[in-house]
Structure formats: C-alpha cells, structure tokens
Amino acid sequence: MRSEPEVRSGPGAPDGPEVPAGPEVRSGSGVPGRTTWLRRVLMLAVTAVLLVLTARLVGTEALLAGWDVLTPATIAAALGCGLLVTLAQALRWTLLAREKGIPMRYARAVADCWSSSLGNMVLPGGIAGDAARVAVYRGAGDRRWWSPAAALGAERLTSTTLLLSLSAVILAGISARLAVIAGAVAVLALAAALACMRGMAARTAVLVWAAAAVGVGALLGLYLIGMAELGGPVAPGAAAVGLASMSVPLGVGGWGVREISAGVLAGELAVTAEWAVTAATAYGLLATISTLPGAVTLLLAALRRRRPAAPAVRPSAPAPHR
C-alpha cells in the first residue's frame, strides 16, 4: 500500500508535501554526485561558448547595449509581467495537480511556481526548478512519480504549444521556413500535452489553456517592451524566435541559445543581427528580474522548515466516575 506524504499540520500549513528550502532536491549524502557536477559544468560551458560565438558574430557592443533596457519603468514592467505569468502558471499547476490527485492550494502553487521559475533561470539546464517541483510531490498523487511529472508536463507543454503556435503565425508573413518549423514543433508539443491531460474534464482543460494563453501573452509583451525601451524596431518575429529558442533546455536561463538564435536568424526576420542580439540580451535581463520574487518564496520555505514543529498534545484521560 502506498504510504502517504508527510504533511505539516497547524494554522497556515500548506497542503501537500513539505517544500524544500531551495530549488534543488538532493538525496543520499546531500552532496551532488559527479554526474550532476559534470552536467552543470557542461551547461555553463555551453552558455559561455554560445555567447562568445554571438560576440564574434555581431560584436560585444551589441550584447552590452542590451543593458540600456534597465530603467525603473522596465524593471517594474518586468516584475508586473512576472507576477502575471506566475499567477497564470500557478492556476495551471493547481488544476493539473488536483486532477492527478495531488492536494494543492492556489497560494501554495504560486510559491511553487515562483520558486521553480527562479531555479530554472539561475541553475544550469533550464529545468532544474521544474525537476525539483516533481521531486517534492513524488508519491503525493495517484501514481507516485507519474502524477507530478504528468501535471508539470501538461503545465509546461500547454504554454510551449501556444508559444510555438503564436510564433508560427507571426513568422508566416516573414519567413515561411521558420513558420513551418515552429508549427511542426507546436504539433508535437500539443500531442505531448494532450497525452499528459488525458481524462481531464473539458472545463478544466479550457481553464488550463486559457491560463497558458495569458502567460504567453505576458512573455511576448515583456519582450516587446524591452525593444520599445531601446528605441529600435519593435519586431514581433524576432521576439517570437527569441522566446521559442528558450524552450531548448541548454545553458543557463536561456543565455547564449537565445542570443545566437536571434543573431543567426535575423536575416530572415527583417532586422539586423546586432539589433536582434541586443533585444535578446535585454529580454534576458528583464526575464531574470521577473523571477527574482522566487528568492522570497525560497527564503520563506527555508524559514518554515527550520521552525520547530509544535509538540503533539495528548488528550487527557477522562476523570473516573465516583
């Protein structure tokens, strides 16, 4: 018989298993293994190599010019878009987790999504935060590992499907080749998302897809805000390519993959390579800022874990009748 996950009790205790103090879940001795370290080093090397190649392609000035996007207004916009993306993601996570038998409150889901987004952004590989989320909820659903994995897969794949579909539409009038590629990958992502959502009620599925659309719109809007702030052409095609390239789980936080993709494909997007790279760098900075509230949720989780548990209160025995 499957053992139930440990759940803390008391006022304000979250539903589901305990949140780790950080985005990384370790087992055994608590020290990452050699394979883990090699993978991290490889991802860092990939980012470094791609950024170097990008600098050789367009010059370091194009990369550094992206820092000009940072103003009080754009930082506020990044945090606002990040909040909107997180709230929409948390709604998907809540609905999908419950469908898989995982107890989930919306407030808990918001903290989960902010923490995992920060982990995805700052840890090598781009999916470390999501992997930790699956590990935290292992055994909490109907089918142990599969329940959180399927819920998270559907949560991520719905937004990926819509992002690639939107990219195909935007690119259709700019580059037929890129539009076909985006459309083909969108179909594959859709098939995988539907497999993870199999058996879900139609109303729930509609809410999941609607929340994914809100999140994708916020991401695209943030990319275009960065372009507008830099004073160059606001090119939705270049933004679509930059966002789509971040779906590739390489490097750290999409850095390198996003910039080299934008620079190499700029000719098909009717923008200069220098501008495409500058805009991609600017978006990378704004996207990183948008995930910073995840540090607060991780800190709160760490403090909660260090708080001593309330002692159990034993009921007093009834007084004997005289």
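Scan the range 137-155 for residues that are in a helix (DSSP H, G or I), out of contact with any Lys or Arg (no Cβ under 7 Å at 6 or more places or on another chain) and buried (at least 21 other Cβ atoms within 10 Å of the Cβ) and the total you get is 2. Answer yes if at least one residue in the range 164-181 is in a helix (DSSP H, G or I), closer than 21 Å to ARG98 by Cβ and open to solvent by 10 Å² or more (accessible area, probe 1.4 Å), and no otherwise. No - not one qualifying residue is present in the range 164-181.
I need the full set of residues from the range 202-221 which are open to solvent by 30 Å² or more (accessible area, probe 1.4 Å) and free of Cβ contacts under 8 Å to residues at least 40 places away in the same chain, in order please. If the condition is that a residue be open to solvent by 30 Å² or more (accessible area, probe 1.4 Å) and free of Cβ contacts under 8 Å to residues at least 40 places away in the same chain, then ALA202, ARG203, VAL206, ALA210, GLY217 are the ones that fit. Contact annotation: residue pairs with Cβ atoms under 7 Å, 6 or more positions apart or on different chains, pairing a residue in the range 101-117 that is on the phi > 0 side of the Ramachandran plot with a partner that is among the charged types (D, E, K, R) and modelled with pLDDT under 95, are GLY101/ASP142. Close Cβ contacts (under 6 Å, 6 or more residues apart or on different chains) running from residues in the range 82-100 that are farther than 18 Å from MET200 by Cβ and assigned to a helix (DSSP H, G or I) to residues that are open to solvent by less than 30 Å² (accessible area, probe 1.4 Å) and not acidic (Asp, Glu) comprise GLY82/SER290; LEU84/ALA218; VAL85/GLY215; VAL85/ALA218; THR86/CYS113.
The values are calculated or read from the model by the stated rules, or taken from the named source; none is laboratory data. Nothing here was measured: the structure is a model prediction, and the numbers come from that model. Every residue, glycine among them, receives a Cβ derived from its backbone with ideal geometry; neighbour counts consider all protein chains shown. For accessibility, only protein heavy atoms count, side chains too; no ligands or nucleic acids. Shrake-Rupley method; radii C 1.70, N 1.55, O 1.52, S 1.80 Å.
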